[in-house]
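Engineer: Got a structure for you, questions after.
The values are calculated or read from the model by the stated rules, or taken from the named source; none is laboratory data. It should be emphasised that the depicted structure is a prediction, and the values quoted were computed from it without experimental measurement. In this analysis, Cβ positions are derived from the backbone assuming ideal geometry, glycine residues included, and neighbour counts consider all displayed protein chains. We work out accessible area using only protein heavy atoms, side chains counted, and drop any ligands, DNA or RNA first. Shrake-Rupley method; radii C 1.70, N 1.55, O 1.52, S 1.80 Å.
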Amino acid sequence: QVQFVESGGGLVPAGGSRTLSCVVSGINFTPSAFAWYRQTPGKQRDLVATINVTGIANLAGAVKGRFTLSRDNAKNTIYLHMASLKPEDTAGYYCNTPIPLVDYWGQGTQVIVSS
């Protein structure tokens, strides 16, 4: 059973930093690419960033230069490191694969950036 379990969200002041974690199970982790998405109420879920099997990340324009990704293959975990947070980064954050497994979205983790 594929499972994505996100954690690490919370209330962060504007300009602050936060690291989100996603533990993945049910997928052969090491040879797989992963992605982070975010969603605000009433809007579609948007791709934020992807990380390939060698750890190379691609980031959406809105977060480039502020967010980075990493992965720990020993822990089946991917991380989203967020810095210089802005109120517009407020969203639910979800991990999945770059072509999302739509039946396996996790609960996500909420990040609220206060101005």
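Engineer: Taking only protein heavy atoms and a 1.4 Å probe, what accessible area per residue, in Å², does the stretch 1-49 have with all protein chains in place?
Structural biologist: 52 Å²
Engineer: Ordered by residue, what ³J(HN,Hα) values in Hz, to whole numbers, does the stretch 33-50 give under the Karplus form 6.51 cos²θ - 1.76 cosθ + 1.60, where θ = phi - 60° and Gly and Pro are x?
Structural biologist: 8, 9, 8, 10, 10, 9, 8, 10, x, x, 10, 6, 7, 10, 6, 9, 6, 10
Engineer: How far is it, in nm, from the label point at LEU11 to the one at ALA33 when both lie 7 Å from their Cα along the line to the Cβ?
Structural biologist: My value for the distance between the label points is 3.8 nm.
Engineer: Further, regarding this structure: Through the Karplus equation 6.51 cos²θ - 1.76 cosθ + 1.60, θ set to phi - 60°, convert the phi angles of the stretch 58-67 into ³J(HN,Hα) values in whole Hz; use x for Gly and Pro.
Structural biologist: Karplus values, whole Hz, x for Gly and Pro: 10, 10, 5, x, 5, 10, 4, x, 10, 10.
Engineer: A follow-up question, please. Restricting things to alpha carbons, tell me how big the chain is in terms of Rg and Dmax, in Å.
Structural biologist: 13.1, 40
Engineer: Please list, ordered by chain and number, the residues whose modelled amide H lies under 5 Å from the amide H of ASN73; skip anything fewer than 5 residues away on the same chain.
Structural biologist: Long-range HN contacts for ASN73: none found.
Engineer: Hey, another quick one. Grab the Cα-Cα distance for GLN44 and THR19, subtract it from 0.36 nm times how many residues apart they are, and report the gain in nm with one decimal.
Structural biologist: In short, 6.7 nm is gained.
Engineer: To continue, here is another question. What trypsin sites (Lys or Arg not before Pro) does the stretch 59-110 have in DSSP loop regions with at most 11 other beta carbons within 10 Å?
Structural biologist: Passing both the DSSP loop test and the Cβ count: no residue.
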